[in-house]
1. Tell me, which residue of region 354-377 that is part of a strand (DSSP E or B) and surrounded by fewer than 19 Cβ atoms within 10 Å (Cβ to Cβ) is nearest to the chain's Cα centre (by Cα)?
2. Quick one: in region 238-295, of everything that is among the small types (G, A, S) and free of Cβ contacts under 8 Å to residues at least 24 places away in the same chain, which residue is nearest to D216 (Cα to Cα)?
3. Could you please let me know if I393 is part of a strand (DSSP E or B), over 21 Å from M211 (Cβ atoms) and within 34 Å of the chain's Cα centre (by Cα)?
4. Counting only residues that are at pLDDT below 85 and not aliphatic (A, V, I, L, M), how many does region 386-423 have?
5. Taking Q85, is it closer than 19 Å to R133 by Cβ and either in the same structural domain as S147 (by TED's automatic domain parsing) or without any contact (Cβ under 8 Å) to a residue 60 or more places away in the chain (or both)?
6. Among the candidates R59, R37, single out the residue that is of a type in the set (K, R) and touching a helix residue (DSSP H, G or I) at 6+ places or on another chain (Cβ under 7 Å).
7. I'm trying to understand the selection: among the residues of region 209-232, which are surrounded by 15 or more Cβ atoms within 10 Å (Cβ to Cβ), of a type outside the set (D, E) and either touching a strand residue (DSSP E or B) at 6+ places or on another chain (Cβ under 7 Å) or not in a helix (DSSP H, G or I) (or both)?
8. Spot the failing condition for L291; the list is (1) under 24 Å from the mean Cα position of the chain (by Cα); (2) surrounded by fewer than 18 Cβ atoms within 10 Å (Cβ to Cβ), and only one is missed.
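The values are calculated or read from the model by the stated rules, or taken from the named source; none is laboratory data. The structure displayed is predicted, hence computed values, not measured ones. So basically every Cβ, Gly included, is an ideal-geometry build from the backbone, and we count neighbours across all protein chains shown.
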Amino acid sequence: MNESRLFLCLILILLALSAFFSGSETALTSFRKTRLRHLVQEGDKRAILVEQLLKKTDRLLGTILVGNNLANAAASVLAGALAAQMLEPSFGKETAMLAATLIITFFLLIVSEITPKTFSAHHAEEVSFLAARPIQWLTVILAPLVSVTTLISSFILKGVLRVKPMNVRISMEEIRSIITHGEEEGVLQKEKGEMLHGIFEISKTIVKEVMAPRTDIAAIDLRDSNETILKTIIESGHSRYPVYRNHIDNIVGFLFVRDLIPYWSDPGGFEPQKVLRKPSFVPETKRVDHLLDEFRKEKRQISIVADEYGGVAGLVTMQDLLEEITGEIRDEYDQETKKVERFPGGVMILDGRLTLDEVYEESGIKFPKGEYETIAGFLLDIFGKIPKEAEAISFKQYLISAHKLERHRILKVKIKPILGETV
(Lines give C-alpha, C1' and ligand atoms only; values in the text may rest on other atoms or scores of the structure.)
Protein backbone atom coordinates (compact mmCIF):
# COMPACT_ATOMS: atom_id res chain seq x y z
CA MET A 1 0.00 0.00 0.00
CA ASN A 2 1.51 3.35 -1.03
CA GLU A 3 1.54 6.43 1.17
CA SER A 4 -1.48 8.10 -0.49
CA ARG A 5 -3.72 5.09 0.13
CA LEU A 6 -2.55 4.93 3.74
CA PHE A 7 -3.43 8.60 4.24
CA LEU A 8 -6.85 8.04 2.65
CA CYS A 9 -7.60 5.06 4.91
CA LEU A 10 -6.54 7.02 8.00
CA ILE A 11 -8.73 9.97 6.98
CA LEU A 12 -11.76 7.67 6.62
CA ILE A 13 -11.05 6.15 10.06
CA LEU A 14 -10.75 9.61 11.60
CA LEU A 15 -14.00 10.75 9.96
CA ALA A 16 -15.73 7.68 11.41
CA LEU A 17 -14.25 8.43 14.83
CA SER A 18 -15.43 12.03 14.60
CA ALA A 19 -18.91 10.80 13.63
CA PHE A 20 -18.86 8.48 16.66
CA PHE A 21 -18.08 11.36 19.02
CA SER A 22 -20.71 13.65 17.48
CA GLY A 23 -23.41 10.98 17.56
CA SER A 24 -22.53 9.94 21.11
CA GLU A 25 -22.80 13.50 22.39
CA THR A 26 -26.24 14.00 20.84
CA ALA A 27 -27.54 10.60 21.96
CA LEU A 28 -26.38 10.86 25.58
CA THR A 29 -27.65 14.40 26.04
CA SER A 30 -30.97 13.57 24.34
CA PHE A 31 -31.72 10.45 26.42
CA ARG A 32 -35.04 11.07 28.20
CA LYS A 33 -34.37 11.25 31.93
CA THR A 34 -37.66 9.58 32.89
CA ARG A 35 -36.97 6.65 30.56
CA LEU A 36 -33.40 6.32 31.83
CA ARG A 37 -34.54 6.35 35.47
CA HIS A 38 -37.14 3.68 34.71
CA LEU A 39 -34.54 1.39 33.08
CA VAL A 40 -32.10 1.94 35.96
CA GLN A 41 -34.81 0.95 38.45
CA GLU A 42 -35.37 -2.23 36.44
CA GLY A 43 -31.66 -3.04 36.77
CA ASP A 44 -30.63 -2.54 33.12
CA LYS A 45 -26.80 -2.53 33.24
CA ARG A 46 -26.51 -0.45 30.07
CA ALA A 47 -28.78 2.22 31.54
CA ILE A 48 -26.80 2.19 34.80
CA LEU A 49 -23.60 2.86 32.85
CA VAL A 50 -25.24 5.72 30.91
CA GLU A 51 -26.49 7.22 34.18
CA GLN A 52 -22.98 7.05 35.64
CA LEU A 53 -21.58 8.90 32.63
CA LEU A 54 -24.27 11.59 32.79
CA LYS A 55 -23.64 12.21 36.49
CA LYS A 56 -20.23 13.66 35.54
CA THR A 57 -21.33 15.90 32.69
CA ASP A 58 -18.18 18.04 32.59
CA ARG A 59 -15.95 14.99 32.30
CA LEU A 60 -18.21 13.37 29.70
CA LEU A 61 -18.47 16.44 27.45
CA GLY A 62 -14.77 17.17 27.91
CA THR A 63 -13.85 13.68 26.71
CA ILE A 64 -16.18 13.86 23.70
CA LEU A 65 -15.07 17.34 22.65
CA VAL A 66 -11.35 16.60 23.07
CA GLY A 67 -11.68 13.32 21.18
CA ASN A 68 -13.76 14.93 18.43
CA ASN A 69 -11.38 17.84 17.96
CA LEU A 70 -8.32 15.57 17.89
CA ALA A 71 -9.97 13.42 15.21
CA ASN A 72 -10.97 16.47 13.16
CA ALA A 73 -7.53 18.07 13.44
CA ALA A 74 -5.74 14.87 12.49
CA ALA A 75 -8.07 14.36 9.52
CA SER A 76 -7.39 17.91 8.34
CA VAL A 77 -3.61 17.47 8.61
CA LEU A 78 -3.70 14.20 6.68
CA ALA A 79 -5.97 15.74 4.04
CA GLY A 80 -3.44 18.53 3.59
CA ALA A 81 -0.61 16.01 3.24
CA LEU A 82 -2.62 13.96 0.75
CA ALA A 83 -3.40 17.07 -1.28
CA ALA A 84 0.26 18.03 -1.33
CA GLN A 85 1.12 14.62 -2.81
CA MET A 86 -1.70 14.32 -5.35
CA LEU A 87 -2.69 17.84 -6.38
CA GLU A 88 0.27 20.15 -5.74
CA PRO A 89 2.38 18.97 -8.72
CA SER A 90 -0.45 19.78 -11.15
CA PHE A 91 -2.23 22.78 -9.59
CA GLY A 92 0.30 24.39 -7.28
CA LYS A 93 0.51 24.57 -3.49
CA GLU A 94 -2.19 27.23 -2.83
CA THR A 95 -4.82 25.55 -5.05
CA ALA A 96 -4.04 22.12 -3.61
CA MET A 97 -4.45 23.33 0.01
CA LEU A 98 -7.67 25.19 -0.83
CA ALA A 99 -9.11 22.07 -2.47
CA ALA A 100 -8.07 19.93 0.50
CA THR A 101 -9.67 22.38 2.96
CA LEU A 102 -12.98 22.50 1.07
CA ILE A 103 -13.18 18.72 0.63
CA ILE A 104 -12.34 17.82 4.25
CA THR A 105 -14.72 20.54 5.56
CA PHE A 106 -17.53 19.11 3.41
CA PHE A 107 -16.96 15.55 4.65
CA LEU A 108 -16.58 16.66 8.29
CA LEU A 109 -19.83 18.59 8.08
CA ILE A 110 -21.90 15.93 6.34
CA VAL A 111 -20.31 12.66 7.44
CA SER A 112 -19.09 13.58 10.93
CA GLU A 113 -21.62 16.15 12.15
CA ILE A 114 -25.05 16.48 10.53
CA THR A 115 -25.68 12.82 9.65
CA PRO A 116 -24.62 11.19 12.97
CA LYS A 117 -26.28 13.87 15.08
CA THR A 118 -29.57 13.63 13.20
CA PHE A 119 -29.56 9.84 13.41
CA SER A 120 -28.65 9.86 17.13
CA ALA A 121 -31.37 12.40 17.97
CA HIS A 122 -33.95 9.92 16.63
CA HIS A 123 -32.30 6.83 18.16
CA ALA A 124 -30.91 8.25 21.41
CA GLU A 125 -31.47 5.12 23.49
CA GLU A 126 -29.88 2.63 21.06
CA VAL A 127 -26.87 4.85 20.26
CA SER A 128 -26.31 5.67 23.94
CA PHE A 129 -26.17 2.00 24.86
CA LEU A 130 -23.71 1.26 22.03
CA ALA A 131 -21.49 4.23 22.79
CA ALA A 132 -21.48 4.10 26.60
CA ARG A 133 -18.74 1.50 27.06
CA PRO A 134 -16.27 2.99 24.50
CA ILE A 135 -16.88 6.47 25.96
CA GLN A 136 -16.17 5.09 29.45
CA TRP A 137 -12.80 3.72 28.24
CA LEU A 138 -11.98 7.01 26.51
CA THR A 139 -12.71 9.02 29.68
CA VAL A 140 -9.87 7.06 31.29
CA ILE A 141 -7.51 7.26 28.30
CA LEU A 142 -8.04 10.97 27.68
CA ALA A 143 -8.33 11.92 31.37
CA PRO A 144 -4.98 13.80 31.61
CA LEU A 145 -5.69 15.89 28.49
CA VAL A 146 -9.32 16.51 29.49
CA SER A 147 -8.22 17.64 32.98
CA VAL A 148 -5.77 20.17 31.53
CA THR A 149 -8.28 21.60 29.04
CA THR A 150 -10.99 21.76 31.72
CA LEU A 151 -8.68 23.67 34.09
CA ILE A 152 -7.74 26.17 31.37
CA SER A 153 -11.40 26.61 30.38
CA SER A 154 -12.43 27.08 34.02
CA PHE A 155 -9.67 29.68 34.55
CA ILE A 156 -10.77 31.67 31.50
CA LEU A 157 -14.46 31.55 32.46
CA LYS A 158 -14.12 32.27 36.18
CA GLY A 159 -10.80 34.08 36.46
CA VAL A 160 -10.75 36.19 33.32
CA LEU A 161 -14.36 36.57 32.16
CA ARG A 162 -15.75 36.12 35.70
CA VAL A 163 -18.72 34.12 34.44
CA LYS A 164 -20.96 32.95 37.27
CA PRO A 165 -22.87 29.65 37.12
CA MET A 166 -26.45 30.18 36.01
CA ASN A 167 -29.38 28.97 38.05
CA VAL A 168 -31.26 26.73 35.67
CA ARG A 169 -34.99 27.32 35.95
CA ILE A 170 -37.42 24.77 34.63
CA SER A 171 -40.65 26.16 33.21
CA MET A 172 -44.08 24.90 34.20
CA GLU A 173 -44.58 23.51 30.70
CA GLU A 174 -41.33 21.53 30.97
CA ILE A 175 -42.46 20.03 34.28
CA ARG A 176 -45.83 19.12 32.77
CA SER A 177 -44.00 17.51 29.86
CA ILE A 178 -41.84 15.50 32.27
CA ILE A 179 -44.95 14.28 34.09
CA THR A 180 -46.63 13.32 30.81
CA HIS A 181 -43.53 11.43 29.63
CA GLY A 182 -43.39 9.68 33.01
CA GLU A 183 -46.97 8.49 32.57
CA GLU A 184 -46.32 7.35 28.99
CA GLU A 185 -43.20 5.42 29.97
CA GLY A 186 -44.92 3.78 32.94
CA VAL A 187 -42.52 5.39 35.42
CA LEU A 188 -45.39 7.36 36.96
CA GLN A 189 -48.70 5.76 37.85
CA LYS A 190 -51.72 7.34 36.19
CA GLU A 191 -53.30 8.35 39.50
CA LYS A 192 -50.11 10.04 40.68
CA GLY A 193 -49.74 11.78 37.33
CA GLU A 194 -53.28 13.14 37.60
CA MET A 195 -52.53 14.39 41.10
CA LEU A 196 -49.43 16.23 39.89
CA HIS A 197 -51.37 17.76 37.00
CA GLY A 198 -54.03 18.76 39.55
CA ILE A 199 -51.44 20.65 41.59
CA PHE A 200 -50.65 22.81 38.56
CA GLU A 201 -54.29 23.33 37.66
CA ILE A 202 -55.41 24.67 41.08
CA SER A 203 -53.44 27.86 40.46
CA LYS A 204 -55.81 28.53 37.54
CA THR A 205 -59.00 27.47 39.35
CA ILE A 206 -61.26 29.76 41.38
CA VAL A 207 -63.47 28.83 44.31
CA LYS A 208 -66.66 29.23 42.27
CA GLU A 209 -65.62 26.24 40.15
CA VAL A 210 -65.21 23.83 43.08
CA MET A 211 -67.79 24.97 45.65
CA ALA A 212 -71.07 23.29 46.45
CA PRO A 213 -73.67 25.69 44.97
CA ARG A 214 -76.19 27.44 47.17
CA THR A 215 -78.96 25.05 46.16
CA ASP A 216 -76.94 22.03 47.39
CA ILE A 217 -76.15 23.43 50.84
CA ALA A 218 -77.55 21.48 53.79
CA ALA A 219 -78.03 24.28 56.32
CA ILE A 220 -79.71 24.68 59.69
CA ASP A 221 -82.08 27.46 60.72
CA LEU A 222 -81.67 28.73 64.28
CA ARG A 223 -85.44 28.40 64.61
CA ASP A 224 -85.32 24.67 63.84
CA SER A 225 -86.23 22.31 66.65
CA ASN A 226 -83.67 19.87 67.98
CA GLU A 227 -85.55 17.06 66.26
CA THR A 228 -85.37 18.88 62.90
CA ILE A 229 -81.66 19.54 63.36
CA LEU A 230 -81.01 15.89 64.18
CA LYS A 231 -83.03 14.80 61.15
CA THR A 232 -81.00 17.13 58.89
CA ILE A 233 -77.74 15.70 60.24
CA ILE A 234 -78.86 12.09 59.80
CA GLU A 235 -80.23 12.61 56.27
CA SER A 236 -77.32 14.60 54.88
CA GLY A 237 -74.48 12.83 56.71
CA HIS A 238 -72.16 15.85 56.89
CA SER A 239 -69.92 16.73 59.81
CA ARG A 240 -70.25 20.53 59.56
CA TYR A 241 -73.30 22.73 58.83
CA PRO A 242 -73.79 26.44 58.19
CA VAL A 243 -76.36 27.94 60.51
CA TYR A 244 -78.53 30.91 59.46
CA ARG A 245 -81.14 33.17 61.01
CA ASN A 246 -84.39 33.59 59.06
CA HIS A 247 -82.85 33.22 55.58
CA ILE A 248 -79.82 31.52 54.04
CA ASP A 249 -78.04 34.81 53.24
CA ASN A 250 -77.83 35.60 56.95
CA ILE A 251 -75.23 33.05 58.08
CA VAL A 252 -74.45 33.34 61.79
CA GLY A 253 -72.04 30.45 62.28
CA PHE A 254 -71.11 26.81 61.75
CA LEU A 255 -72.34 23.81 63.69
CA PHE A 256 -69.87 20.94 64.05
CA VAL A 257 -71.48 17.58 64.78
CA ARG A 258 -68.69 16.63 67.18
CA ASP A 259 -69.71 19.59 69.39
CA LEU A 260 -73.06 17.86 69.94
CA ILE A 261 -71.57 14.77 71.60
CA PRO A 262 -71.95 16.13 75.18
CA TYR A 263 -75.67 16.58 74.48
CA TRP A 264 -76.46 13.06 73.25
CA SER A 265 -77.56 12.00 76.73
CA ASP A 266 -79.58 15.19 77.22
CA PRO A 267 -80.96 16.38 73.84
CA GLY A 268 -83.33 18.76 75.57
CA GLY A 269 -80.48 20.80 76.97
CA PHE A 270 -78.96 21.50 73.57
CA GLU A 271 -79.04 25.06 72.25
CA PRO A 272 -77.32 25.76 68.88
CA GLN A 273 -76.12 29.20 69.99
CA LYS A 274 -73.94 27.61 72.68
CA VAL A 275 -71.80 25.61 70.25
CA LEU A 276 -71.77 27.78 67.12
CA ARG A 277 -68.38 28.38 65.53
CA LYS A 278 -67.53 31.74 64.01
CA PRO A 279 -68.43 31.85 60.30
CA SER A 280 -65.84 32.62 57.64
CA PHE A 281 -66.48 34.00 54.19
CA VAL A 282 -64.47 33.95 50.96
CA PRO A 283 -65.22 35.54 47.59
CA GLU A 284 -66.16 33.19 44.77
CA THR A 285 -63.34 34.61 42.65
CA LYS A 286 -60.60 33.61 45.11
CA ARG A 287 -57.98 31.24 43.69
CA VAL A 288 -58.15 27.68 45.03
CA ASP A 289 -54.44 27.48 45.84
CA HIS A 290 -54.66 30.69 47.87
CA LEU A 291 -57.67 29.41 49.81
CA LEU A 292 -55.95 26.07 50.43
CA ASP A 293 -52.99 27.94 51.93
CA GLU A 294 -55.38 30.09 53.97
CA PHE A 295 -57.22 27.03 55.31
CA ARG A 296 -53.91 25.46 56.29
CA LYS A 297 -52.60 28.53 58.10
CA GLU A 298 -55.85 29.28 59.92
CA LYS A 299 -56.68 25.60 60.53
CA ARG A 300 -60.08 25.98 58.89
CA GLN A 301 -62.07 23.28 57.14
CA ILE A 302 -65.06 25.17 55.78
CA SER A 303 -66.11 28.60 54.49
CA ILE A 304 -69.14 30.27 53.03
CA VAL A 305 -68.64 31.51 49.48
CA ALA A 306 -70.01 35.01 48.96
CA ASP A 307 -71.08 36.46 45.62
CA GLU A 308 -70.41 40.01 44.46
CA TYR A 309 -73.55 41.26 46.22
CA GLY A 310 -72.66 39.72 49.57
CA GLY A 311 -75.17 36.90 49.29
CA VAL A 312 -74.41 33.22 49.74
CA ALA A 313 -73.19 31.69 46.48
CA GLY A 314 -72.17 28.36 47.92
CA LEU A 315 -70.08 26.43 50.40
CA VAL A 316 -66.48 25.25 50.11
CA THR A 317 -64.64 22.76 52.29
CA MET A 318 -61.09 21.53 52.59
CA GLN A 319 -62.25 18.30 50.93
CA ASP A 320 -63.49 20.24 47.88
CA LEU A 321 -60.05 21.84 47.51
CA LEU A 322 -58.11 18.60 47.97
CA GLU A 323 -60.33 16.82 45.43
CA GLU A 324 -58.99 19.23 42.80
CA ILE A 325 -55.63 17.52 43.33
CA THR A 326 -56.49 13.96 44.31
CA GLY A 327 -59.76 13.43 42.51
CA GLU A 328 -63.00 12.55 44.27
CA ILE A 329 -62.66 11.58 47.94
CA ARG A 330 -65.46 9.39 49.19
CA ASP A 331 -66.33 8.57 52.77
CA GLU A 332 -68.77 6.21 54.43
CA TYR A 333 -71.59 8.76 54.16
CA ASP A 334 -71.26 9.43 50.46
CA GLN A 335 -73.87 7.77 48.29
CA GLU A 336 -72.64 6.28 45.04
CA THR A 337 -74.24 8.23 42.21
CA LYS A 338 -73.39 7.92 38.56
CA LYS A 339 -72.62 11.24 36.92
CA VAL A 340 -72.89 9.71 33.46
CA GLU A 341 -75.23 6.88 32.49
CA ARG A 342 -74.97 5.42 28.99
CA PHE A 343 -77.69 3.62 27.09
CA PRO A 344 -78.02 1.96 23.66
CA GLY A 345 -78.16 4.27 20.67
CA GLY A 346 -75.69 6.77 22.12
CA VAL A 347 -78.18 8.06 24.70
CA MET A 348 -76.64 9.57 27.84
CA ILE A 349 -78.14 10.82 31.08
CA LEU A 350 -75.87 13.29 32.83
CA ASP A 351 -75.73 14.85 36.28
CA GLY A 352 -76.87 18.44 35.81
CA ARG A 353 -73.88 19.68 37.84
CA LEU A 354 -71.33 18.38 35.35
CA THR A 355 -69.27 21.19 33.88
CA LEU A 356 -69.31 21.69 30.13
CA ASP A 357 -65.65 20.62 30.02
CA GLU A 358 -66.57 17.35 31.74
CA VAL A 359 -69.48 16.83 29.34
CA TYR A 360 -67.09 17.41 26.42
CA GLU A 361 -64.71 14.78 27.79
CA GLU A 362 -67.56 12.28 28.11
CA SER A 363 -69.45 13.00 24.91
CA GLY A 364 -67.22 15.00 22.58
CA ILE A 365 -69.93 17.66 22.31
CA LYS A 366 -68.52 21.20 22.36
CA PHE A 367 -70.82 23.76 23.96
CA PRO A 368 -70.58 27.53 23.47
CA LYS A 369 -69.23 29.64 26.33
CA GLY A 370 -71.62 31.82 28.29
CA GLU A 371 -72.59 32.90 31.79
CA TYR A 372 -72.94 29.30 32.90
CA GLU A 373 -70.55 26.47 33.75
CA THR A 374 -72.71 23.34 33.96
CA ILE A 375 -74.87 21.44 31.51
CA ALA A 376 -77.92 22.39 33.60
CA GLY A 377 -76.90 26.04 33.37
CA PHE A 378 -76.60 25.71 29.59
CA LEU A 379 -80.16 24.36 29.36
CA LEU A 380 -81.54 27.16 31.53
CA ASP A 381 -79.78 29.73 29.36
CA ILE A 382 -81.11 28.19 26.12
CA PHE A 383 -84.68 27.84 27.35
CA GLY A 384 -84.72 31.20 29.12
CA LYS A 385 -86.96 29.63 31.76
CA ILE A 386 -87.23 26.57 33.98
CA PRO A 387 -88.02 23.80 31.48
CA LYS A 388 -90.59 21.15 32.09
CA GLU A 389 -89.50 17.58 32.58
CA ALA A 390 -88.67 15.92 29.21
CA GLU A 391 -88.83 19.29 27.44
CA ALA A 392 -86.08 19.22 24.82
CA ILE A 393 -84.15 21.46 22.46
CA SER A 394 -82.19 20.58 19.33
CA PHE A 395 -78.46 21.30 19.52
CA LYS A 396 -76.14 20.28 16.68
CA GLN A 397 -76.94 16.58 16.07
CA TYR A 398 -78.58 16.03 19.46
CA LEU A 399 -81.78 16.43 21.43
CA ILE A 400 -81.00 17.73 24.91
CA SER A 401 -83.73 17.60 27.53
CA ALA A 402 -84.35 18.17 31.22
CA HIS A 403 -84.64 14.54 32.31
CA LYS A 404 -85.27 15.06 36.02
CA LEU A 405 -86.18 18.16 38.01
CA GLU A 406 -86.57 18.97 41.68
CA ARG A 407 -88.44 22.18 42.35
CA HIS A 408 -86.56 24.69 40.20
CA ARG A 409 -83.40 22.63 39.72
CA ILE A 410 -82.40 20.45 36.79
CA LEU A 411 -80.94 17.32 38.39
CA LYS A 412 -80.48 15.19 35.28
CA VAL A 413 -79.98 16.05 31.63
CA LYS A 414 -80.63 13.64 28.77
CA ILE A 415 -78.64 13.78 25.52
CA LYS A 416 -79.95 11.77 22.58
CA PRO A 417 -78.49 11.65 19.04
CA ILE A 418 -80.97 12.73 16.38
CA LEU A 419 -81.68 9.72 14.17
CA GLY A 420 -80.43 10.01 10.64
CA GLU A 421 -77.72 12.52 11.61
CA THR A 422 -74.04 11.80 11.85
CA VAL A 423 -73.03 11.86 15.48
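1. Quick first cut of region 354-377, residues part of a strand (DSSP E or B) only: 355, 370, 372, 374.
Imposing the further condition that a residue be surrounded by fewer than 19 Cβ atoms within 10 Å (Cβ to Cβ) reduces the set to 355, 370, 372.
On the way: T355: 21, G370: 27, Y372: 27 Å.
Only one residue tops the list, namely T355.
2. Filtering region 238-295 for residues that are among the small types (G, A, S) and free of Cβ contacts under 8 Å to residues at least 24 places away in the same chain, the one nearest to D216 (Cα to Cα) comes out as S239.
3. Values: part of a strand (DSSP E or B): yes; over 21 Å from M211 (Cβ atoms): yes; within 34 Å of the chain's Cα centre (by Cα): no.
Judged against the criteria, I393 is not a match.
4. So the count comes out to 7.
5. Working: closer than 19 Å to R133 by Cβ: no; either in the same structural domain as S147 (by TED's automatic domain parsing) or without any contact (Cβ under 8 Å) to a residue 60 or more places away in the chain (or both): yes.
Judged against the criteria, Q85 is not a match.
6. That would be R59, the only listed residue that is of a type in the set (K, R) and touching a helix residue (DSSP H, G or I) at 6+ places or on another chain (Cβ under 7 Å).
7. V210, M211, A212, P213, R214, I217, A218, A219, I220, L222, I229, T232
8. Single failed check for L291: (2).
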